[in-house]
Amino acid sequence: MDVQTFLQVMHTAERLKDTVRHSYTSGGRRESVAEHSWRLALMAYFLQDEFPDADMNKVMEMCLVHDLGECFTGDIPAFLKTNGDEGREEQLLMAWVRSLPEPYAARLRELYGEMAALATQEAKIYKALDKMEAVLQHNEAPLSTWIPREYELNKSYGFDQAAFSPYLAALREQMRLDTEHKIEESKKSP
């Protein structure tokens, strides 16, 4: 990739640093999409021993690129995102991917196709972690940043995606327990 193209790709990706998510950090500020993607990749890195048969480098790639479409649309919380929103994001993302030089365009098309199909172990791991990172972030954020629907959503979000793996199912269950503990502790505080 020539240096000008490389820099343009990085300028586009930089948008995710300023694209805020619905989630808040433990310090009470809005989380960026870039921060979410970074920690998602970090989660995959630390789970390599749990999935010795999986290509965890591919999972980390998926984690790093999964929200690049939000460079063009911003972040829309999963509970508000419509099929139209998803279609628009995919259309804009794929137009950008087609503008990239090979082999990067082909690799991204392959990754996005695999992630959408959710047929491989790698895609299933990525998707479960994507859901669970959001739950983890909510559990770390002040309860005052939650909206009413999140009290129940944080207890159930991502269970279906984690069910294929005993380890991920146990991790998701622990997050549910952490959510319930957080909510109960808030009732004890004045």
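One line per residue, one yes/no per condition, for (1) farther than 30 Å from PRO166 by Cα; (2) within 16 Å of the chain's Cα centre (by Cα):
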site	(1), (2)
LYS17	yes, yes
ARG21	no, yes
ASP53	no, no
MET62	no, yes
ASP85	yes, no
Qualifying positions in the stretch 30-43 - more than 11 Å from the chain's Cα centre (by Cα) and more than 17 Å from HIS138 (Cβ to Cβ):
LEU42
Search result, residues across the stretch 120-148 that are hydroxyl-bearing (Ser, Thr, Tyr), over 15 Å from THR25 (Cα atoms) and either outside any helix (DSSP H, G or I) or touching a strand residue (DSSP E or B) at 6+ places or on another chain (Cβ under 9 Å) (or both):
THR120
Just checking, how many residues over the stretch 6-57 are touching a Pro at 6+ places or on another chain (Cβ under 6 Å) and either closer than 23 Å to ALA105 by Cβ or of a type in the set (S, T, N, Q) (or both)?
0
Taking ASP49 as meeting all but one of (1) in a helix (DSSP H, G or I); (2) under 14 Å from the mean Cα position of the chain (by Cα); (3) under 25 Å from ASN139 (Cβ atoms), write down the number of the exception.
(2)
Based on what the data block shows, is LEU93 within 19 Å of MET62 (Cβ to Cβ), without any contact (Cβ under 8 Å) to a residue 40 or more places away in the chain, in contact with a Leu (Cβ under 9 Å, 6 or more places away or on another chain) and not basic (Lys, Arg)?
yes
Could you grab me the full set of residues in the stretch 161-190 that are touching a residue at least 24 places away in the same chain (Cβ under 8 Å) and either assigned to a loop (DSSP other than H, G, I, E, B) or surrounded by fewer than 17 Cβ atoms within 10 Å (Cβ to Cβ) (or both)?
PHE164, SER165, TYR167, ASP178, GLU180, ILE183, SER186
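Throughout, read-outs are computed from the coordinates displayed, never taken from laboratory work. Just so it is clear, the structure is predicted and the values come from calculations on it, not from any experiment. Glycine also receives a Cβ, built like all others from the backbone with ideal geometry; neighbour counts cover every protein chain displayed.
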